[in-house]
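To keep things clear, I will list the structure first and then write my remarks on it.
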Amino acid sequence: MDPLRKDAIHHERFVKIICVGAGFSGLCLAYKLRRSFQNYALTIYEKNEGLGGTWFENTYPGCACDVPSHNYTYSFEPKADFSGVLASFGEIKDYLETFAGKHGLLHHIRTSHQVLKTSWDPLKGQWVVSSTDLRSGETVDDWCHLLVHATGYLNKPMWPKAPGIETFRGPKLHSAQWDSNISLKGKNVLLVGSGASSAQILPAIQPIVNTVKVFVRTPRWSLPSVSSKQGMFSPEEKQRFANDPDAVLNLRLENERTLNSFFTMYMKDTVLQSQARQHLEAEMKKIIPDLELQRKLVPDFAVGCKRILPSGDQFLHAINKDNVETVCSGVRSFTETGCISDDEQSHEGDVLICATGFDTSFIPRYPILFNGHNLQDDWSASVTGYMGVGISECPNSFTLAGPWTPISNGPVIVALESQADFICAFIDKYQTEPGIHSMRLKAAACYDFKTYVAQATKRMVWSDNCHNSHNIHPNWGQASITWPGSTLHYLEALREPRFEDYEFDFCGNRFAWMGNGLSQTEWDPTAELAYYIRNSDDGKHLSRRARTKSISKSGTRPERDLHRQAKLGAA
């Protein structure tokens, strides 16, 4: 009897995967699986009625991305028809919906399904995932070999901690839970917060409200607007992008090169940090004529310690309007008609808007139970993550956009792509080595990683005292949320997975993957059986340095000044 194909080396066993979350990262994983894998099943549970994650949930006035539109896409999937330099939430949501439809991902997604609990079964080597169908109320259990948490960190709105907010008699809005049925026209508004969402909300509502008081507890560094006319592309630009793919590609390349040239700005005592601080301080003071307000609104900490506000000059211009009052104070308590600020002043308003961000602690919103642990409890004490993708001692489980993802110091979408690639490498290993029962991140590897991060973070500006930065959180111990390096640094760190940082448990012989002595090539009737015969050596480079130079197309660009940015002027 002839040998069977299923017994050949690296035969792909069936693998069942569950992903929680259908935002940028979850959809990216689904695409990568569809592009490269077979003999798998994928289910994505999404609590919202539609896909998009953050971009489904956030609909407040002025809501938009804070990097150039054409670069807020997957690196391999451009979009030519953005209306402006900073895409609106609706355009980003449409992009993701179109992407999912184009690549056949929609059938994987179960919308309006909220995960209640995930439990590891050590005997079966499987996860049990309990979820509720929010439309029917039915609770169902599903199972998988591999579980991916792609819930992100910008999905749990954080309301002000000041007491009495429930006593406020007027409408209460949060930037992440916006009710478009509430009209702001002619109202007196209290806007609490001065971060990214507040910086977009204030310019959007200022023309229609009667008055607005904006509470600025901690100032932010603000970037000038990217172009005139509120950053909208002209009809001529739109037509050029639509008709010339190279024009879009060149714009994306130039934007990304610029974004990747700034990282030393985030390191203490560098020339670029000094350049940035001088430039942004001068630009902000041009907009704020009042010297006392300058003193309060120009930060006294390093640029990048807190997330920089793109087009933040629009926020500053709005502050100068006659119907806007800036209260450089936090909120101590709320009353029936308004609030009391930290300086004990009383403020009244018709509508309360809380642009107070999210709980960025990374504590899971549902129990993740394994080997006597609940990750909610573990991470409440100290986050034991790894490179944005790993969970200490948690078998067959990964995170996307997890702790130590480079979220605020460079391009982020390509970092999510690299995480999906990393996870797919483990999926491939699991699928083609049938003896693997489970794989889990070693506690020692996680400890060493966190120790490295703690030391490396000391070089970064976000280790300075800039109150309430989402880069630092008490339950991270001595480490921070943010990857202590550039996005390019992150891509190189994740490019070749360190399987040695994981413990692999086997059921049966660990060499069962070698099969019956036949290769996959011999089972492919169209394969070249002498594929290794060639006229020159075009094989994979054997040193990491050579591989990196090849990937980064070293030698193809004119030389540049390292760690300098001409756009910021001379230091």
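The values are calculated or read from the model by the stated rules, or taken from the named source; none is laboratory data. In this text, all values refer to a predicted model and were calculated from it rather than measured experimentally. Note: ideal-geometry Cβ built from the backbone for every residue, glycine included; neighbour counts use all protein chains shown.
One residue stands out among those in the range 333-362 that are under 30 Å from T151 (Cβ atoms) and among the hydroxyl-bearing types (S, T, Y): the one that is surrounded by the most Cβ atoms within 10 Å (Cβ to Cβ), which is T356. Considering only residues that are within 28 Å of V412 (Cα to Cα) and more than 31 Å from the chain's Cα centre (by Cα), which ones fall in the range 154-183? Correct list: empty.
Applying the criterion of being of a type in the set (S, T, Y) and in a helix (DSSP H, G or I) to the residues of the range 28-57, the residue that is surrounded by the fewest Cβ atoms within 10 Å (Cβ to Cβ) is S36.
Would it be correct to say that V248 is under 29 Å from P207 (Cα atoms), out of contact with any Cys (no Cβ under 9 Å at 6 or more places or on another chain) and either outside the structural domain of W483 (by TED's automatic domain parsing) or touching a residue at least 12 places away in the same chain (Cβ under 8 Å) (or both)? It is false that V248 is under 29 Å from P207 (Cα atoms), out of contact with any Cys (no Cβ under 9 Å at 6 or more places or on another chain) and either outside the structural domain of W483 (by TED's automatic domain parsing) or touching a residue at least 12 places away in the same chain (Cβ under 8 Å) (or both). Determine whether S175 is surrounded by 22 or more Cβ atoms within 10 Å (Cβ to Cβ) and at negative phi. For S175, the condition - surrounded by 22 or more Cβ atoms within 10 Å (Cβ to Cβ) and at negative phi - is met.
For the range 141-162, the condition holds for no residue, the condition being that it is of a type in the set (D, E, K, R), within 16 Å of Y45 (Cα to Cα) and free of Cβ contacts under 8 Å to residues at least 12 places away in the same chain. Among the residues of the range 493-537, those that are closer than 30 Å to Q419 by Cα and among the hydroxyl-bearing types (S, T, Y) comprise Y502, S519, T521. Considered as a group, the residues in the range 253-267 that are more than 20 Å from the chain's Cα centre (by Cα) and aliphatic (A, V, I, L, M) include one that is surrounded by the most Cβ atoms within 10 Å (Cβ to Cβ), and that residue is M265.
Listed by first and then second residue, the pairs with beta-carbon distance under 8 Å, at least 6 apart or on different chains, first residue in the range 359-373 and closer than 12 Å to L154 by Cβ and in contact (Cβ under 8 Å) with a residue 12 or more places away in the chain, second among the small types (G, A, S) and crowded, with 16+ Cβ neighbours inside 10 Å, are F362/G385; F362/G402. Examine the range 460-469 for a residue that is within 24 Å of T360 (Cβ to Cβ) and at pLDDT 95 or above, and state whether such a residue exists. Among the residues of the range 460-469, not one is within 24 Å of T360 (Cβ to Cβ) and at pLDDT 95 or above, which makes the answer no.
Residues being within 21 Å of the chain's Cα centre (by Cα), under 20 Å from A420 (Cα atoms) and either buried (at least 18 other Cβ atoms within 10 Å of the Cβ) or assigned by TED's automatic domain parsing to the domain that holds L441 (or both) are entirely absent from the range 367-380.
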